[in-house]
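Below you'll find the structure, written out as structure tokens, and then a few comments.
What follows is calculated from the coordinates using simple rules that are stated; it is not laboratory data. Remember, predicted model here, so these are calculated numbers, not experimental data. Don't worry about glycine lacking a Cβ; one is built from the backbone with ideal geometry, like all the others, and counts go over all protein chains shown.
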Protein chains: 2
Amino acid sequence: MLNLPKDMESISVKLNQTLMPNQIQRLQQQIEFMLEIDKLKHILRRTILTDRSREENSAEHSWHIAMAAFLFSEYAQDQEIDLYRVIKMMLVHDLVEIDAGDTYCYDDQSRQDQARREQAAAERIFKILPTDQSRSFRALWDEFENRDTPESKYANALDRFQPFLQNYFTKGQIWRKNNITRRQVMDRMQPVFDGAPLLWNLVNLFIDDAVEKKYLKG
Amino acid sequence: MLNLPKDMESISVKLNQTLMPNQIQRLQQQIEFMLEIDKLKHILRRTILTDRSREENSAEHSWHIAMAAFLFSEYAQDQEIDLYRVIKMMLVHDLVEIDAGDTYCYDDQSRQDQARREQAAAERIFKILPTDQSRSFRALWDEFENRDTPESKYANALDRFQPFLQNYFTKGQIWRKNNITRRQVMDRMQPVFDGAPLLWNLVNLFIDDAVEKKYLKG
């Protein structure tokens with residue numbers, strides 16, 4: 001659809017001649033990346049918007065959890081975390097879905113090869129960037145996935161908490177459709193316990209209530 | 001649609017009794033805000049996605065420019081800026097559109113009362129938050145709007161640059177539809193000059209090329 005090299009050819013020549021010698025390849029890679037990541041807006045998740053009009057996409061979700069990161073920062077397990085890195089992780093964390101798609105967290109079959117698909121996607125997508133940025137973006141994604149730093153624990157907590165809220169406040173429409181149980185949601189919410197324990201208390205009460213209201217199977 | 005106080009009533013009682021005394025009202029306000037800002041996903045802009053399938057919404061746009069903020073940070077006019085604050089500004093900057101809608105930047109008529117509509121929206125939306133957060137979110141929005149700090153200048157630069165790229169790489173479909181001229185786009189891109197001068201050079205070349213290719217009127 002896009003034809004970046006062709007579109008930018010005459011422009012590149014002029015830029016090279018007059019403005020940013022040696023910068024042109026770098027800038028071209030950055031712009032290609034900007035256009036590539038636009039595709040995240042097409043990746044639909046298994047979460048619906050609060051008015052239940054449609055599914056949420058992964059770009060919207062990434063924005064929403066980044067907002068959540070600074071909205072709920074007082075509940076982070078570790079109060080010394082670097083929130084800037086948390087937010088960068090969140091902005092980047094779903095980019096692999098451009099190739100790998102969104103994997104429904106309760107779909108055990110498609111979760112089997114999720115890691116392989118996402119690794120391949122990370123290889124391709126982050127390679128579009130200049131080397132230094134390719135490395136730093138990839139490091140953010142790896143950190144998010146590994147969940148072994150206070151920052152990534154908090155980031156993962158909100159990555160689970162935001163769709164949980166949307167599920168609860170849409171009366172469990174997607175949970176009910178997929179026959180999801182209390183146990184499945186409890187397991188899925190474990191990162192909230194690790195990264196934001198006070199929110200975990202709230203999640204527990206919401207789950208009790210959701211079972212009572214039949215949004216979730218007991 | 002949502003009925004937050006009712007849904008949370010029994011939960012609030014339990015939380016108050018056992019877990020977070022005095023915290024409950026604060027947490028309730030924060031969750032109400034999380035649900036309220038979900039509406040930004042319905043605000044459609046006059047920019048189309050790069051595959052031209054549909055219009056972009058303001059939540060996706062906010063995510064995309066936050067990515068751009070750290071992708072293009074080397075081009076910021078002031079290299080000492082606080083990028084964390086830049087990104088927070090970007091995440092927040094369009095929330096007023098939940099009430100005020102997206103105002104097309106070349107629609108002089110609806111721009112006349114844009115400020116009034118957006119001020120009223122800011123009043124309502126940020127007031128949902130606990131007082132301290134209400135103030136800090138509002139301060140971020142004000143800073144973005146006022147464009148008088150290095151951070152807000154850089155943030156505004158990318159807020160203009162990202163849709164510019166999408167307009168150019170969709171062969172000016174929206175520009176052509178609205179008979180947009182070179183002069184209008186040059187004026188609109190002024191913040192790129194202020195906040196990221198190297199990108200302004202690129203914008204200039206793209207505009208020349210866009211006029212040549214008849215994406216824009218000369």
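For the stretch B:11-145, take N as its residue count and report Rg(C-alpha) divided by 2.2 N^0.38 Å. The partial results should precede the final answer.
Values: Rg = 17.5 Å, N = 135, 2.2 N^0.38 = 14.2 Å.
Against the compact-globule rule of thumb, the ratio is 1.23.
Viscosity 1.002 mPa s, temperature 20 °C: Stokes-Einstein D of the stretch B:170-218 from its Kirkwood Cα radius, in µm² per second?
Values: Rh = 10.8 Å.
After rounding, the answer is 198 µm²/s.
The convex hull built on the alpha-carbon positions of the stretch A:90-162 has an orientation-averaged projected area of 5.0 nm². Across the stretch B:187-198, rounded Karplus estimates of 3J(HN,Hα) from the backbone phi angles (6.51 cos²θ - 1.76 cosθ + 1.60, θ = phi - 60°) give 4, 4, 8, 3, x, 5, 4, 6, x, 8, x, 5 Hz, Gly and Pro being marked x.
Taking every DSSP helix (H) stretch of at least 4 residues in chain A, weighting each as -39,500 (n - 2.57) and dividing the sum by the residue count yields a mean residue ellipticity at 222 nm of -20000 deg cm²/dmol. Diagonalising the gyration tensor over the Cα atoms of the stretch B:49-102 and scaling each eigenvalue by 5 before taking the square root yields semi-axes of 24, 16, 7 Å, largest first. Computed from the Kirkwood radius of its Cα pairs, the Stokes-Einstein diffusion coefficient for the stretch A:138-210 at 37 °C and 0.692 mPa s stands at 258 µm²/s.
Across every pair of non-identical alpha carbons in the stretch A:82-218, the mean reciprocal distance, once inverted, gives a Kirkwood radius of 16.1 Å. Apply 1/(1 + (r/R0)^6) to the Cβ-Cβ distance of residue A:53 and residue A:177, taking R0 = 22 Å, and write down the FRET efficiency to the nearest 0.05. The computed FRET efficiency comes out at 0.90. Label zone of residue B:74 (point 7 Å out along Cα→Cβ, amide N under 11 Å): in the stretch A:94-134 this covers A:130-134.
Can you tally the net charge around residue A:78? Count Lys and Arg as +1, Asp and Glu as -1, for every other residue whose Cβ sits under 15 Å from the Cβ of residue A:78.
Net charge in that neighbourhood comes out at -4.
For the residue pairs B:127/B:153; A:214/B:41; A:39/B:213; A:177/A:213; A:14/B:214, alpha carbon separations beyond 21 Å are given by B:127/B:153; A:214/B:41; A:39/B:213.
Between amide H atoms placed 1.01 Å from N, distances below 5 Å from residue A:48 occur with A:56, all of them 5 or more places distant or on a separate chain. Shown for B:38, A:99, B:148: other C-beta atoms within 10 Å of each C-beta, ranked fewest to most, produce the order B:148, A:99, B:38. Shape analysis of the stretch A:76-129 yields a ratio of the Cα radius of gyration to the Kirkwood radius, Rg/Rh, of 1.09. Scattering from the protein assembly as shown was approximated by placing one identical point on each alpha carbon and applying the Debye formula without solvent; log10 I(q)/I(0) at 0.10, 0.12, 0.13, 0.14 1/Å stands at -0.71, -1.02, -1.19, -1.37. Relative to its residue count, the stretch A:128-179 spans a Cα convex hull of 115 Å³ per residue.
Only counting other Cβ atoms within 10 Å, I'd like A:205, A:216, B:15 sorted with the fewest neighbours first.
Numbers: A:205 18, A:216 25, B:15 21.
Ranking A:205, A:216, B:15 by Cβ neighbours within 10 Å, fewest first, gives A:205, B:15, A:216.
Can you give the extra length, in nm with one decimal, that the chain gains between residue B:115 and residue B:214 once fully stretched, where that is 0.36 nm per residue apart less the Cα-Cα distance? Taking 0.36 nm per residue and subtracting the Cα distance, the gain is 32.4 nm.
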